[in-house]
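The values are calculated or read from the model by the stated rules, or taken from the named source; none is laboratory data. Only a predicted model underlies this, so the values are computations on that prediction, with no experimental measurement involved. All Cβ positions, glycine included, derive from the backbone under ideal geometry; neighbour counts span all protein chains shown.
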Amino acid sequence: MNIERQYGWMWVEAREVLDRTERLQRQFLRYLGPGTDGALWEPPVDIVETSDGLVVLFALPGVAAEQIEVRLEPTALAVSAIRQLKFGRPSTVIRRLEIPHGRFFRRIPLSGLPLAIAATRYEHGCLEVRLTRATEK
C-alpha cells in the first residue's frame, strides 16, 4: 500500500482539527473594530447561575487588576480595561501576535430580577464577579 494513501486520511483529519481550532480562536477573540481608544476585543466569559444570583468569570490574562473597570448597568454588566503590549527592547521584531492587546470591552446582558455586585476578585488572570439578587427596600 502506498504510504501517501495510508496516511492521507490522517492529514485530512489533522487539517480539519486545525480549521476548527482557528474558527474557535476567531470566535474567542472577536475583533470588534476601531473605537475611540483603538482596537476592541472581547474576552471569553463563563456564566454560572447560583441559588442567590450569578457568577461571571472573565479570562483576562496579562491585564493589570488596577486597569479593570466593572460597571453594573440597569440591564447589563460591563467590564473594560486595556491590555498593554509589552516588549523588552525597541529592537524587538514581532513575528506573530495571537494574544489580543489594547482596549477590551465586554457587556453581558442581564434580565429578570435586579442584581447587585456582591464581590469581585481578580486572580491568576481571571476576573470573577459575583452578582446577587438585589433586595427591595
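Residues that are touching a residue at least 24 places away in the same chain (Cβ under 8 Å) and not in a strand (DSSP E or B) were ranked within the range 50-73; the one that is farthest from R133 (Cα to Cα) is G62.
Say whether the condition of being aromatic (F, W, Y), in contact with a strand residue (DSSP E or B) (Cβ under 7 Å, 6 or more places away or on another chain), assigned to a strand (DSSP E or B) and crowded, with 16+ Cβ neighbours inside 10 Å is met by at least one residue in the range 85-105. Yes, the conditions are met somewhere in the range 85-105. Annotation for the range 104-124: at least one member residue is in contact (Cβ under 8 Å) with a residue 40 or more places away in the chain, of a type in the set (F, W, Y) and over 11 Å from P43 (Cα atoms).
Taking the residues in the range 74-84 that are assigned to a strand (DSSP E or B) and of a type outside the set (D, E, K, R) as candidates, determine which candidate is farthest from Y122 (Cα to Cα). Looking at the filtered set, the residue picked out is A76. From the set of residues in the range 106-116 that are surrounded by 15 or more Cβ atoms within 10 Å (Cβ to Cβ) and assigned to a strand (DSSP E or B), which is farthest from the chain's Cα centre (by Cα)? Of everything passing the filter in the range 106-116, L115 is farthest from the chain's Cα centre (by Cα).
Is it fair to say L60 is touching a Gly at 6+ places or on another chain (Cβ under 7 Å), at pLDDT 90 or above, within 26 Å of T21 (Cβ to Cβ) and surrounded by 11 or more Cβ atoms within 10 Å (Cβ to Cβ)? Taking the combined requirement at face value, the residue satisfies it.
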